[in-house]
Structures are given as structure tokens and as C-alpha cells.
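Asks: My questions will all concern the structure given below.
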Amino acid sequence: MKNNLMIGNKLTAIVILSLVMVLFFSLGINAATLRAGVSKINITKDRPSGLVNDPLYVKALVVDDGKTKAVIITIDIINISLTDLDKIRTGIQKELKINGNNVMINASHNHWVNDQLAEDYLDRTINAVKEAQRNMVPVKVGGGSGTENRITMNRRLILKNGKEWTVRRGTPEPEDEKVKEIAEPFDPEIGVLRIDRRDGTPLAVLYSFAGHNYTGVPNRGTTAGFPGFASKIIEENLENGVVALFMQGAAGDITPILYKDVNAPKQDEMHGTLLGLSTLQAWRNISPKKTAGVSVIREELLLPARTDIKKHIEGLEAQRTAILEYFKGEGCGAHGAGTKLNFKAFLPLYIKYMMSPQYPSDYSYRYMQEEKIGINDLEMMDADNKRDMEKYLNSIYKMEELIVTEANLGYLKKSNPQNPIKAEIMGLKIGDFVLITFSGELFCEIGLNIKKKSPYEYTFVTGYTNGSVGYSPTRDAYNGDAYEVSLSKLAPEWQKIFENKALEILNKL
């Protein structure tokens, strides 16, 4: 009996040990199957027809945990069209047998391509993925975040009348006295995915940040913009053939802070250098892990098109009428905007009255002498000049307001969105690093809303991914009649639909 019990116990122990070993071995296999490969290919024209300051690139990252294979492509163009997206996905699925639904393409929203994009850039993009797949090696990964708060700001200004004014190069700014505040918020967070080879040498850095990529470089040549300079800093510092892939975030209303600086050359290189160094600082604080899975969820969205365009056109037309009424002078310019000054007369007067507000027309003793003899000729002349200068300045401000009003009216009158609007959302999880993407120019607040509600610590939101549906404002921004809203095709209700779907996907990843 004892012998039987002993034999039974030994068999039980062997079975348990075997199960433990199988489980351990299985986990080890899963960890070992975490593989990644990267590549980058120049997509600038081989024979440029214009000045190229620095090259445009397509970069590809392929990750595979043994169950799921996903592709992330970043590209230095303004947007990725649905037609090109479909061609790239179809080519990858046909040639590499990778599910097209697992292919994510993010455009850096680069405004400085300058018609120097290679005609075969689609083929080069597919080749970049092929090369990345050939280069796959066992890796360990880790997610983290950093901060760069010196180079961007929200570009929407809230005016005291409740309307909004967008900081744009093509339009002037409102007079300071009319600005209540800068719209909130902006997002200085950098999302970072660190990918190392198993021996600890760096392989790739995927990083996300929100900022319109439209400042440019001093010579106005083709450039990848601040993301290109940031990636160069990262790659040169980490060496080992590292590829840095930039993903544009929720940048619909976010601008580089020196975008309109008239006292210094264009600052993309400085902005990119600061971003690159801050990304490296965050990268150093990440401890990559060998065990990590990959999961992807892609869904198509049908979003409502706006139906309020007529109302906004009427509001802006009333605003235009009020401005034009100001310019109607009566009685030889005694009323309204009428003034005897033109710019040639205004400028020297303005300088003189700024230099000596109390005694602008002559030395102080002349005013004192007039007072002694009981006249005030200089004071009366000063009053007339000040009134005319104020009118002239007001005319300039009204002209600037008219420029913005006419621009926004023009955008609205051209808008004829088809209902519904097709868009795409993807969720991607690599280890503890999570991405939610959208195919429009997301307002920053929407990205922050999703990050705040996400169950994952390292959640980041990118726009300009897998198509382009244009500006995607927050619901409350539609009351402001700003540039982004005037161009948007989406109804205000789109925001709730998208945010709810994003949280649903996050909970499934």
C-alpha cells in the first residue's frame, strides 16, 4: 500500500513538475517571439526640381509577438489620402501576407514638401516595410513619457466678445486689448516607445508629440520640419543604426510658439533639437521588458456631417457688414472711419506723439508760452491729430478683422460635406505602450480627454493617421467661428462618438 502511495505521489509530482516546465517553457517561447524590425527610406525626388534643405523619409516598424503582427509607418508628408492608404495596405498584404487592418500610417503633417516627393513614394513605402520585416530581431520594449513645454502653444485666441481668432501666418493678429486669453489646453507630453535588441543595444524609438509641422527653415527649402530634426538628434545620439519614428499627435489647434516670429529666422531646427533632447531624456528613464504582447483593433466610423454652415455664414456676413459700416464716413469724414491721414502722414505723426505724449508738437516751453498769453493752438492741433491717428489705427484693426472674416467666410461657402463622413480609428498596444489614432486633425483637448480616461498609464493619441477628414474640433469650439471650425466638415456631435469609441477600444485591447 505504501509502495503504491509512494509511486502515486511520485507520479503526481512528475506531472506537476512537467506542467510547470511546460508552462515556463511556453512563457519563454512567447517572450522569445517578441520581434521587431525597422527601416527608413528616403522619399525625396532623386533629381529635385527645387532646393532641398533636408530629406523626406518614410520609416517602418514591424512588431510581432508570435500571434499578432502590426506595422507602423511614419511619413514626412502633409496627409495620407485614402487612395494611397489603400494601395499601401493592399501591397503589404499581397507581398508580405500581413493583414492590412494591422497597418497604421501616420503623416507628420509636413507643410514643406514643396513638390519634392518622389513619384514612386508608395513603392518606396512598401519597400520600407519589406526591409523592416527582413530586419526583425528579438527585442524588449517599454513605454514611457517625457515633457517638452517650450516649443508649442494652443493657437486659438479667445476674444473678449466670445469669438475666437486663430494664429495663422496668412492673417494678422487681433489687437491686444481684444484678447481675453489663450484657449486651453496644449499638450507638452511626449509618448515614447523604447525598443532594444535583446543584448540591450537600441533598435528603435517611436515617439509621439503634438505640434503643427509648418514653420520651415530659413532658406525655405524642402524639409521634414521639426520632427526631422528631432529624429536626427535621437538617431545620432543613440547610434547603432537606430531609427526614430515620429508620430504626429492631436495637433489640430497646436502651433510651434515661434511660428510667426519676425525677429529671427524660421526656428524648426531649434524646435526639433529641443524635442529630440527631451525625448532622449525620457528614453533613458524607460526600462524595457522582454515579455510584451501586441494587439490591434481597427474600426471604421461613420460620423455626422455638419448642418449648421448656413447659420455660421449668416453670422460672419453680419460681422462683415458691421465692419464695412465703420468705413462709411459722413460729412467730410467727420464720422465713422474718416480721417485726413494716409500712411505717409500717419507714421511720422505717430512716432512724434509716441516720443513725447505731453508735448508732441514742439518743445515744452512753446506750450508754456501759449498758456501765458491765453491761447491753446498747439493743444487743439494735438487733439485733432490724436483723433485722426486713433481713427487711422482703428481702420487698420478693422481691416485686419475683415481679412480674417472674409477668409473664414470663404472656407464655409466652399464647404459641402457629404453625410456621413467616413473615418477610421485604431487602437494599438505594444507591451505597456498604447496608441489611439484618428484620421483627422484632432483638437488637443480631445486627445487629453482620452488619455485621462484610459485604463493604461502610457496612452497616447495621434491624428493624421490612416486618412484625412480635416479639422476635428471640440464641440464648444463651433461657437467661436475660428479658422479650424470654418474648415471642418464634421458636426459637433462627432466628438462624443469618437471619444466613446476610443474608450471602448481601449478597454478591449
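Asks: Out of the residues in region 139-168 meeting the condition of being in contact with a Lys or Arg (Cβ under 6 Å, 6 or more places away or on another chain) and among the charged types (D, E, K, R), tell me which one is farthest from Leu274 (Cα to Cα).
Replies: Per the stated criteria, the residue is Lys160.
Asks: Shifting gears a bit: When region 460-486 is examined, which residues are found to be of a type outside the set (A, V, I, L, M), under 20 Å from Glu314 (Cβ atoms) and touching a strand residue (DSSP E or B) at 6+ places or on another chain (Cβ under 8 Å)?
Replies: Of everything in region 460-486, those that are of a type outside the set (A, V, I, L, M), under 20 Å from Glu314 (Cβ atoms) and touching a strand residue (DSSP E or B) at 6+ places or on another chain (Cβ under 8 Å) turn out to be Pro473, Gly480, Asp481, Tyr483, Glu484.
Asks: Look at Leu412 and say whether it is in contact with a helix residue (DSSP H, G or I) (Cβ under 6 Å, 6 or more places away or on another chain) and not small (Gly, Ala, Ser).
Replies: On the way: in contact with a helix residue (DSSP H, G or I) (Cβ under 6 Å, 6 or more places away or on another chain): yes; not small (Gly, Ala, Ser): yes.
Taking the combined requirement at face value, the residue satisfies it.
Asks: For Leu280, indicate whether it is aliphatic (A, V, I, L, M), open to solvent by less than 20 Å² (accessible area, probe 1.4 Å), within 23 Å of Ile182 (Cα to Cα) and part of a helix (DSSP H, G or I).
Replies: no
Asks: Taking region 475-509 as the search range and keeping residues that are in a loop (DSSP other than H, G, I, E, B) and of a type in the set (A, V, I, L, M), which one is surrounded by the most Cβ atoms within 10 Å (Cβ to Cβ)? Walk me through how you get there before you give the answer.
Replies: Taking region 475-509 first, the residues in a loop (DSSP other than H, G, I, E, B) are 480-482, 488-489, 491-493, 509.
Retained after the next criterion (residues that are of a type in the set (A, V, I, L, M)): 482, 491, 509.
Values: Ala482: 27, Ala491: 20, Leu509: 18.
Looking at residues that are in a loop (DSSP other than H, G, I, E, B) and of a type in the set (A, V, I, L, M), I get Ala482.
Asks: Continuing with this model, one more query. Among the listed residues Glu370, Glu400, identify the single one that is open to solvent by less than 40 Å² (accessible area, probe 1.4 Å) and more than 48 Å from the chain's Cα centre (by Cα). Walk me through how you get there before you give the answer.
Replies: Details: Glu400 fails: more than 48 Å from the chain's Cα centre (by Cα).
Answer to the selection: Glu370.
Asks: Identify, from the list Glu175, Glu181, Glu269, the residue that is more than 27 Å from Asn466 (Cα to Cα), among the acidic types (Asp, Glu) and either in contact with a Ser or Thr (Cβ under 8 Å, 6 or more places away or on another chain) or in contact (Cβ under 8 Å) with a residue 60 or more places away in the chain (or both).
Replies: On the way: Glu181 fails: either in contact with a Ser or Thr (Cβ under 8 Å, 6 or more places away or on another chain) or in contact (Cβ under 8 Å) with a residue 60 or more places away in the chain (or both); Glu269 fails: either in contact with a Ser or Thr (Cβ under 8 Å, 6 or more places away or on another chain) or in contact (Cβ under 8 Å) with a residue 60 or more places away in the chain (or both).
Residue meeting the stated conditions: Glu175.
Asks: In region 411-455, which residues are touching a residue at least 24 places away in the same chain (Cβ under 8 Å) and of a type in the set (S, T, N, Q)?
Replies: Across region 411-455, the qualifying residues are Ser415, Gln418, Asn419, Thr437, Ser439, Asn449, Ser454.
Asks: Restrict the check to region 12-35 and report whether at least one residue is at pLDDT 95 or above and either under 31 Å from the mean Cα position of the chain (by Cα) or outside any loop (DSSP other than H, G, I, E, B) (or both). Even if it seems obvious, please write down each step before you answer.
Replies: Taking region 12-35 and keeping what is at pLDDT 95 or above, we get 35.
In the following step, the residues that additionally are either under 31 Å from the mean Cα position of the chain (by Cα) or outside any loop (DSSP other than H, G, I, E, B) (or both) were identified as 35.
The answer is yes; a qualifying residue exists.
Asks: Looking at region 480-488, can you tell me whether even one residue there is acidic (Asp, Glu), more than 19 Å from Met247 (Cβ to Cβ) and free of Cβ contacts under 8 Å to residues at least 12 places away in the same chain? Steps first, answer last, please.
Replies: Of region 480-488, the ones acidic (Asp, Glu) are 481, 484.
Checking the rest, the ones that are also more than 19 Å from Met247 (Cβ to Cβ) come to 481, 484.
Next, from what is left, pick out any that are free of Cβ contacts under 8 Å to residues at least 12 places away in the same chain: none.
No, every residue in region 480-488 fails to be acidic (Asp, Glu), more than 19 Å from Met247 (Cβ to Cβ) and free of Cβ contacts under 8 Å to residues at least 12 places away in the same chain.
Asks: For region 478-509, how many residues are aliphatic (A, V, I, L, M), under 26 Å from Arg320 (Cβ atoms) and at pLDDT 95 or above?
Replies: The qualifying residues number 4.
Asks: Which residue pairs have Cβ atoms under 7 Å apart, sit 6 or more places apart or on different chains, and have a first residue in region 54-68 that is among the charged types (D, E, K, R) and a second that is assigned to a loop (DSSP other than H, G, I, E, B) and open to solvent by less than 10 Å² (accessible area, probe 1.4 Å)?
Replies: Taking only residues 6 or more apart or on different chains, the pairs are Asp54/Thr223; Asp54/Ala224; Asp65/Leu34.
Asks: Just to check your reading of the model, which residue among Phe246, Phe327, Phe343 is in contact with a strand residue (DSSP E or B) (Cβ under 8 Å, 6 or more places away or on another chain) and of a type in the set (Phe, Trp, Tyr)?
Replies: Phe246
Asks: With the structure loaded, tell me whether Pro218 is assigned to a loop (DSSP other than H, G, I, E, B), over 24 Å from Ala118 (Cα atoms) and open to solvent by 10 Å² or more (accessible area, probe 1.4 Å) or whether it fails that test.
Replies: Numbers: assigned to a loop (DSSP other than H, G, I, E, B): yes; over 24 Å from Ala118 (Cα atoms): no; open to solvent by 10 Å² or more (accessible area, probe 1.4 Å): yes.
For Pro218, the condition - assigned to a loop (DSSP other than H, G, I, E, B), over 24 Å from Ala118 (Cα atoms) and open to solvent by 10 Å² or more (accessible area, probe 1.4 Å) - is not met.
Asks: Being surrounded by 13 or more Cβ atoms within 10 Å (Cβ to Cβ) and part of a helix (DSSP H, G or I) is the filter here, so list the residues in region 353-365 that pass it.
Replies: Tyr353 - this is the single residue of region 353-365 that is surrounded by 13 or more Cβ atoms within 10 Å (Cβ to Cβ) and part of a helix (DSSP H, G or I).
Asks: May I pose another question? Of the conditions (1) within 23 Å of Pro227 (Cβ to Cβ); (2) not in a strand (DSSP E or B), Thr90 satisfies every one except a single condition; which number is it?
Replies: That leaves (1) as the condition not met.
Asks: Would you call Ser472 in contact with an Asp or Glu (Cβ under 6 Å, 6 or more places away or on another chain), over 25 Å from Val62 (Cβ atoms), crowded, with 17+ Cβ neighbours inside 10 Å and among the small types (Gly, Ala, Ser)?
Replies: Numbers: in contact with an Asp or Glu (Cβ under 6 Å, 6 or more places away or on another chain): yes; over 25 Å from Val62 (Cβ atoms): yes; crowded, with 17+ Cβ neighbours inside 10 Å: yes; among the small types (Gly, Ala, Ser): yes.
So Ser472 fits the description; yes.
Asks: Another question about this same structure. Of all residues in region 252-299, count the ones that are under 24 Å from Lys451 (Cβ atoms) and in contact with a strand residue (DSSP E or B) (Cβ under 7 Å, 6 or more places away or on another chain).
Replies: Final tally of qualifying residues: 25.
Asks: For residues that are under 30 Å from Lys290 (Cα atoms) and among the hydroxyl-bearing types (Ser, Thr, Tyr), scanning just region 49-102, find the one that is least open to solvent (accessible area, probe 1.4 Å).
Replies: Thr74
Asks: In region 472-492, how many are of a type outside the set (Phe, Trp, Tyr) and either out of contact with any Gly (no Cβ under 8 Å at 6 or more places or on another chain) or closer than 17 Å to Glu401 by Cα (or both)? Even if it seems obvious, please write down each step before you answer.
Replies: Filtering region 472-492 for residues of a type outside the set (Phe, Trp, Tyr) gives 472-477, 479-482, 484-492.
After this cut, where a residue has to be either out of contact with any Gly (no Cβ under 8 Å at 6 or more places or on another chain) or closer than 17 Å to Glu401 by Cα (or both) as well, the list is 474-477, 480-482, 484-486, 491-492.
Of the residues in region 472-492, 12 are of a type outside the set (Phe, Trp, Tyr) and either out of contact with any Gly (no Cβ under 8 Å at 6 or more places or on another chain) or closer than 17 Å to Glu401 by Cα (or both).
Asks: Only one of (1) open to solvent by less than 30 Å² (accessible area, probe 1.4 Å); (2) outside any loop (DSSP other than H, G, I, E, B); (3) in contact (Cβ under 8 Å) with a residue 60 or more places away in the chain fails for Trp112. Which number is that?
Replies: For Trp112, the failing item is (2).
Listed here are the residues, each with its yes/no results for (1) open to solvent by less than 30 Å² (accessible area, probe 1.4 Å); (2) of a type outside the set (S, T, N, Q).
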residue	(1), (2)
Thr201	no, no
Val205	yes, yes
Tyr214	yes, yes
Ile234	yes, yes
Asn240	no, no
Pro256	yes, yes
Lys290	no, yes
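Asks: Scan region 132-155 and tell me whether some residue there is farther than 21 Å from Gly470 by Cα, in a helix (DSSP H, G or I) and open to solvent by 50 Å² or more (accessible area, probe 1.4 Å).
Replies: Step one: of region 132-155, the residues farther than 21 Å from Gly470 by Cα are 132-151.
Right, trim to in a helix (DSSP H, G or I) and you get 132-134.
Going one step further and asking which of them are open to solvent by 50 Å² or more (accessible area, probe 1.4 Å), we end up with 134.
Looking for residues that are farther than 21 Å from Gly470 by Cα, in a helix (DSSP H, G or I) and open to solvent by 50 Å² or more (accessible area, probe 1.4 Å), one finds at least one in region 132-155, hence yes.
Asks: Report every pair of residues separated by at least 6 positions or lying on different chains whose Cβ atoms are under 8 Å apart, first residue within region 236-251 and more than 27 Å from Phe186 (Cα to Cα), second polar (S, T, N, Q) and open to solvent by 10 Å² or more (accessible area, probe 1.4 Å).
Replies: Sorted first by the residue in region 236-251, then by its partner, the pairs are Asn240/Thr201.
The values are calculated or read from the model by the stated rules, or taken from the named source; none is laboratory data. Nothing here was measured: the structure is a model prediction, and the numbers come from that model. Note that each Cβ is placed from the backbone with ideal geometry, even for glycine, and that neighbours are counted across all protein chains shown. Protein only, heavy atoms only, side chains kept; ligands, DNA and RNA dropped before computing areas. Shrake-Rupley method; radii C 1.70, N 1.55, O 1.52, S 1.80 Å.
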